[in-house]
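Have a look at the structure that comes next, please.
The values are calculated or read from the model by the stated rules, or taken from the named source; none is laboratory data. It should be emphasised that the depicted structure is a prediction, and the values quoted were computed from it without experimental measurement. Reconstructed Cβ throughout: ideal geometry from the backbone, glycine too, with neighbour counts over all protein chains shown. Areas reflect the complete protein model, heavy atoms only, side chains present, ligands, DNA and RNA absent. Shrake-Rupley method; radii C 1.70, N 1.55, O 1.52, S 1.80 Å.
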Amino acid sequence: MTPRRRAVPHPGSALRAAVYAAAALLASVSLGDTLWHGFAGREGAFVFFAFIAFGELLRLPDRLCEERDPSPVGAAGALAYALLAPASVAQVVAVVAAATLAGRIPHIARPRPGDRTTGEHLARRVLAVGFIAVCCRPLAAPAPDAPGPGPAHVLLVIAVLLLSALCDSVVGAVLGHSRTGRAFGPLLREELRGTTRMSSVTGSSGTVIAFAVDTVGLYALPVFCVPLLLVHLAFRRYAAVRATYRQTIASLARATEVAGYTPQGHAHRVAALSLAVGRDMGMTGSDLTVLEYAALMHDIGQLALVDPVPDGATARLSAAEQRRTALLGGAVVRQTGVDPRVAAVVESLAEPWTRQPPAARIVRAANAYEEMAQRAPGAGARLRALEELRLGTAGTYAPDVVESLARVLLRGPAGAEAPGPGASAVRATARSEAGPGWVTHG
């Protein structure tokens, strides 16, 4: 009898548990301390509680938002309250945590696909606010005869915000690595890139709100809330336009399926697998968008063929026919008005991998695996597909892409085939080292 392997815990699970435990401990101690000693500045605490909860209620869907924090209004309110620190640090953390959780209740009751968990969002918010409140506490209660905030005060606040954003990015990368299994480096780059977009808006808005409330009073809060709401609405519209554009590209990619040139769902499966491989290889931002669009439209050139290729398997065509199909596909893509890099990727799909951009190498390997695995569903087809890809690394497929594809299949990414009777065999192949006869060099 073959001994059953014990499940190996994910290497990031311990770090994720530590982050959650630290956030839960901080929130619990802060809430208990606040309830024991009572609230200071009840009116301000109530106003900021309502402001933060309202901002959380307006949060952007994660599927439309690629930023670090999908609730900019709530984040700005939490930042402003932490910078003011009108009471103890414990009260600041307690009010922000309770308001964030209260604003998330409708989203918890009606979850949307792809949204991050409430625990992750709340943990990051609590740790960031606690850090800012601790650092800014000495600046919040100057002596009665001390002058107002000067340049040094402002520079110190900016330095605290930058350090807080850096720490929050590290925490977000750790949680993302534990949740998805992706490499830590690319995740950290994505988190840091988020600080230059919506996070810069919330950071500057929260700082201005804090200084205004400190000078004018709580009446400044609704006044400065209006421009922040306008930014929120503009970003929501921008995100919706991007989502609609992506849906248009996906619908155009289905033209080959409707015409009977490719199997149903082929383009979307290739796109999902390509994105998983791209993330595994460290691609981020616009590079992933180019990769997704190229994967969706990689077969669009087949519409120029007189007779459909059986099962849409372009790998069975001659080299000249493959190159002609790729060039026709690139010409069609250029007419859609998408990024010219997408057309360049589609046009280079028939070239040797040494002359292809990274996105083309990924799409070509993902497409080949999809075509091979669909010939005869089951463990045998998937095993042969991986073996053929490894054998083709001499000149057809990039070795690093094939190995990344094997790692992705081992993790079982979104968009890959559902686990079935042969899934364990595929994962065993993905884990194995190169065997006799396997070419693993270019």
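Please identify the pairs in which a residue from the range 223-238 that is exposed (fewer than 14 other Cβ atoms within 10 Å of the Cβ) has its Cβ atom under 9 Å from the Cβ atom of a residue that is in a helix (DSSP H, G or I), counting only partners at least 6 apart or on another chain.
VAL223/ALA212; VAL223/VAL216; PRO227/SER205
Please count how many residues of the range 383-420 are hydroxyl-bearing (Ser, Thr, Tyr) and either more than 18 Å from ALA360 (Cβ to Cβ) or modelled with pLDDT of 80 or more (or both).
Of the residues in that region, 2 qualify.
Restricting attention to the range 199-209, does a residue exist that is more than 14 Å from the chain's Cα centre (by Cα), surrounded by fewer than 17 Cβ atoms within 10 Å (Cβ to Cβ), at pLDDT below 80 and not in a helix (DSSP H, G or I)?
no
Please specify each residue of the range 26-58 satisfying the condition of being more than 29 Å from the chain's Cα centre (by Cα), of a type in the set (A, V, I, L, M, F, W, C) and modelled with pLDDT under 85.
Correct list: PHE39, ALA40.
So, one more: Are any of the residues in the range 88-105 touching a Cys at 6+ places or on another chain (Cβ under 8 Å) and either on the phi < 0 side of the Ramachandran plot or modelled with pLDDT of 80 or more (or both)?
Within the range 88-105, not a single residue is touching a Cys at 6+ places or on another chain (Cβ under 8 Å) and either on the phi < 0 side of the Ramachandran plot or modelled with pLDDT of 80 or more (or both).
Let me ask something else about it. What about ALA82, is it in contact with a Phe, Trp or Tyr (Cβ under 9 Å, 6 or more places away or on another chain) and modelled with pLDDT of 85 or more?
Judged against the criteria, ALA82 is a match.
Filter the range 252-281 down to the residues that are in contact with a Ser or Thr (Cβ under 7 Å, 6 or more places away or on another chain), part of a helix (DSSP H, G or I) and within 28 Å of PHE184 (Cα to Cα), then identify the one that is least open to solvent (accessible area, probe 1.4 Å).
VAL277
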